[in-house]
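K.L.:
A single structure is presented below for examination.
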Amino acid sequence: MFIVRDIEMQRARRDARADRISCPADHTPEAGLSGDRETATAQATAEYLISQNVTTITTDRSLPYIFAHHLLLRGLEIQYDANLGVLERRQKDAEESAWLQQSQSITEEAMRLACELIANADVNDQQQLVHRGEVLTSERVRSVIDIFLLERDYFNPKSIVACGTTGADCHDYGSGPLYTEQPVIVDIFPQNRKTLYYGDCTRTVVNGHISDTLVRMHTAVCEANAAGCAAARPGVTGEDVHKATIQVILENGFKTGLPSDSDPESFCSMTHGTGHAVGLEVHEPPLLDFGGPELLLGDCLTIEPGLYCRALGGIRVEDMIILTEQGNNNLNTLYTGLDWKN
């Protein structure tokens, strides 16, 4: 049963994946519904369950307390199951896979726009990037990404555009001017406003000369990405995929884990897990990390190894894959190099 506002019932009958559609007024308690919309919905939910002779419900982590409160007022027992709905959400069907591919394709278009903008910018005397006579900043690039995605009916959470040493923190959004010869991590993860499914893609771009050290870091990251993609298939664990990824990082002479206060500025490490699942949220179970669970047919996962150095910044390359009976299908076709100049 999907309970929605009365004015949304026709749309719900057309679009929702539900057996039955109703509105709060269809489940009015004896004392009447509250004039507060959220309270009325919680009251109606409790009344519907009572009418179905339900005495106990099992919920996942997402149940708002307002619903729990009104269920308890009507004498229902509430039990918690941490895995409720998780497996169903993880195993994407053909329609969901198509929606994810659509979102990832638009994400790649936005990524190409951003990386080519950075790579082809001019340079001023302060080694700052310049576009159309003005200094190119993280904020300006984010605005370009936002507008591109908005015009295609995507909601875009704040993208990462992190230049130089700022990118040494893998989750720093970046701010201020972008500079030539420094790596810029661009991480875009928009949500389709109609299907509600996300894309998620990261690339790294350098304007101008690319140092040997950055080339070595980038080579290791790309090889680790390939190893993670090759390892990901139904039946292996998220930990197995992470180990395959970091093995390549270590074989290339780099470290894993967070730096300590005593480590030099040149310390270069992969500081995070290999990836996570994507769906109706940009971060969903399972994780590709130590302790990661068995992977399932239909899991949609990111493979996003990175290397981070406080003296230079970071490099990350992220693809999105869906697990199949044959292994996996990589939803990305976008260039992975550092030089985007055209």
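Just so it is clear, none of the values below were taken in a lab; they were calculated from the coordinates. All figures in this text were calculated on a predicted structure; none of them were measured in a lab. So basically every Cβ, Gly included, is an ideal-geometry build from the backbone, and we count neighbours across all protein chains shown.
K.L.:
Between A230 and L150, 0.36 nm times their residue separation minus their Cα-Cα distance comes to what? Present the calculation step by step, with values, prior to reporting the outcome.
P.N.:
Numbers: separation 80, 0.36 × 80 = 28.80 nm, distance 3.41 nm.
Extending this stretch completely gives an extra 25.4 nm.
K.L.:
Convert each backbone phi in the stretch 245-256 into a coupling constant with the Karplus relation 6.51 cos²θ - 1.76 cosθ + 1.60 (shift: θ = phi - 60°), then list the ³J(HN,Hα) values in order as whole Hz, x for Gly and Pro.
P.N.:
Using θ = phi - 60°, the values come out as 5, 6, 4, 5, 4, 5, 5, 8, x, 9, 10, 10 Hz.
K.L.:
How many angstrom separate the Cα center of the stretch 264-342 from the Cα center of the stretch 171-195?
P.N.:
15
K.L.:
Turning to a different aspect of this structure: In nanometres, what is the gap between the two model label sites at Q247 and D261, each 7 Å from Cα along Cα-to-Cβ?
P.N.:
Label at Q247, label at D261, 3.7 nm between them.
K.L.:
Would you mind checking which residues have amide H under 5 Å from N328's amide H? H placed 1.01 Å from N; only 5 or more apart, or other chain.
P.N.:
Under 5 Å from the amide H of N328: no residue qualifies.
K.L.:
Any idea how far the Cα center of the stretch 129-160 sits from the one of the stretch 38-87, in Å?
P.N.:
42
K.L.:
Can you list the HN-Hα couplings for the stretch 274-288, worked out from phi with the Karplus curve (6.51, -1.76, 1.60; θ = phi - 60°), rounded to whole Hz and with x for Gly and Pro?
P.N.:
Rounded to whole hertz, the list is 6, x, 7, 8, 9, x, 6, 10, 6, 10, 10, x, x, 8, 9.
K.L.:
Let me ask another. Counting just the Cα atoms, what span does the stretch 1-104 cover along each of its three principal axes? Round to the nearest Å and put the largest first.
P.N.:
48, 33, 23
K.L.:
What's the local net charge at I185, with K and R +1, D and E -1, over the other residues with C-beta under 13 Å away?
P.N.:
Net of charged neighbours comes to -2.
K.L.:
While we're on this one: Collect residues whose amide H, placed 1.01 Å from N in the peptide plane, falls under 5 Å from the amide H of G208; neighbours closer than 5 in sequence don't count.
P.N.:
Here E181 satisfy the definition.
K.L.:
Quick one: net charge around M111, please, counting Lys, Arg +1 and Asp, Glu -1 for every other residue with C-beta under 14 Å from its C-beta. All intermediate terms of the calculation are to be shown ahead of the outcome.
P.N.:
Details: positive: R112, R142, R152, R203, R316; negative: E108, E109, E116, D146, D187, D200, E304, E318, D319.
It works out to a net charge of -4.
K.L.:
Nearest 0.05, what FRET efficiency do S34 and S175 give at R0 = 30 Å with Cβ-Cβ as r? If you can, show how the numbers build up before the last one.
P.N.:
Details: r = 44 Å, r/R0 = 1.48.
Efficiency, rounded to the nearest 0.05: 0.10.
K.L.:
Computed over the Cα atoms of the stretch 257-342, what is the convex hull's projected area averaged over all directions, in nm²?
P.N.:
On the way: hull surface 31.3 nm².
Mean projected area for the stretch 257-342: 7.8 nm², to one decimal.
K.L.:
Contact order normalised by length for the chain, with contacts defined as Cα pairs under 8 Å and 6 or more residues apart; what percent is it?
P.N.:
On the way: 730 pairs, mean separation 54.2, N = 342.
After rounding, I find 16 percent.
K.L.:
A further question follows. Report the convex hull volume per residue for the chain, counting only C-alpha atoms, in Å³. Intermediate results must be reported in sequence, preceding the final value.
P.N.:
Values: hull volume 59.1 nm³, N = 342.
So the per-residue hull volume is 173 Å³.
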